[in-house]
Amino acid sequence: MHKQFQIQFEEYDSAEGLPKEDAALLDLARNVTKDAYAPYSRFRVGAAARLSNGQIVTGTNQENASFPAGICAERTLLSVAASLCPGVPIESLAVSYDSERGASDRPISPCGICRQSLQEFEQRTGRSMRIILAGQSGKVLVLEGSATLLPFAFSSDELR
């Protein structure tokens with residue numbers, strides 16, 4: 001038996017087409033890329049999230065000379081959110097980047113570890129989050145939850 005996944009997402013030509021709240025969150029993610037510590041890759045990533053209680057949190061990638069001891073912006077943000085507001089779901093998460101080695105004009109997708117972490121955060125808070133992906137300019141992708149990024153996620157259910 002053959003089965004297939006269909007992935008649905010929204011695509012905007014630019015941030016100007018986004019709803020106002022999403023555009024503001026993406027603007028913040030773009031701005032916090034300057035706070036990333038990325039002396040090795042020169043690939044700065046920023047993330048911003050709006051929690052269900054209205055609080056806004058941010059995170060950036062933090063590299064380390066002892067690879068792979070660094071942490072991605074998405075996981076930094078999830079740690080901040082879970083520490084400041086335990087159990088509070090994320091409504092929307094925006095991720096952007098700024099590369100010194102090339103154009104930053106298209107959406108990129110979170111790495112595998114981040115995809116797993118996003119999935120588990122959703123599972124433990126019981127709510128999917130809207131995920132907004134973009135560079136410093138250009139197209140913007142909007143996904144309705146981490147399952148779009150990781151359809152065959154390993155979850156805590158497998159450990160029970």
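Neighbour counting of Cβ atoms within 10 Å sorts the residues Met129, Met1, fewest neighbours leading, into Met1, Met129.
For the range 55-72, putting each phi into the Karplus relation 6.51 cos²θ - 1.76 cosθ + 1.60 with θ = phi - 60° gives couplings of 5, 10, 10, 10, x, 9, 6, 10, 7, 8, 4, 8, 4, x, 6, x, 9, 6 Hz, in residue order, rounded to whole numbers and with x for Gly and Pro.
Considering only Gly54, Thr33, Val80, and ranking their Cα positions along the charge dipole of the range 1-88 that arises from unit charges at the beta-carbon of Lys, Arg, Asp and Glu, the one farthest toward the positive end is Val80. Net charge in the neighbourhood of Thr125 (other residues with Cβ under 14 Å of its Cβ; Lys, Arg +1, Asp, Glu -1) is +1. Under a Gaussian network description of the chain, with springs only between Cα atoms under 10 Å, the residue in Leu141, Leu84, Leu26 that fluctuates furthest is Leu84. Within the shell of other residues whose beta carbon sits under 10 angstrom from the beta carbon of Pro107, the net charge comes to 0, with Lys and Arg scored +1 and Asp and Glu -1.
Build a GNM of the chain with springs between Cα atoms under 10 Å apart, and of Glu63, Glu100, Glu11 the one that fluctuates most is Glu100.
Quote the charge dipole size of the chain about the Cα centre in Debye, to the nearest 20; the model charges only the Cβ of Lys and Arg (+1) and of Asp and Glu (-1).
On the way: 16 positive and 19 negative charges, 58 e Å.
That gives the chain a dipole magnitude of about 280 debye.
Taking every alpha-carbon pair under 8 Å whose residues sit at least 6 apart, the chain reaches a relative contact order of 24 percent. Ordering Val80, Val95 by the number of other Cβ atoms within 10 Å of each residue's own Cβ, fewest first, gives Val80, Val95.
Counting only C-alpha contacts under 8 Å and six or more residues apart, can you give the relative contact order of the range 62-120 as a whole percent?
Details: 23 pairs, mean separation 20.0, N = 59.
34 percent.
Please give the net charge around Leu51, taking every other residue with its beta carbon less than 11 angstrom from that of Leu51, where Lys and Arg add +1 and Asp and Glu add -1.
On the way: positive: Arg50, Arg127; negative: Glu91.
Here the charged neighbours net out to +1.
A Cβ-based charge dipole, computed about the Cα centre of the range 1-71 with Lys and Arg at +1 and Asp and Glu at -1, lands at about 280 debye.
Fully extending the segment from Ala82 to Lys3, taken as 0.36 nm per residue of separation minus the present Cα-Cα distance, adds 24.9 nm.
Laboratory data are not the source of any read-out in this text; all were calculated from the coordinates shown. Everything numeric here is computed off the predicted structure, so don't read it as measured data. With ideal geometry, Cβ positions are generated from the backbone for all residues, glycine too; neighbour counts draw on all protein chains shown.
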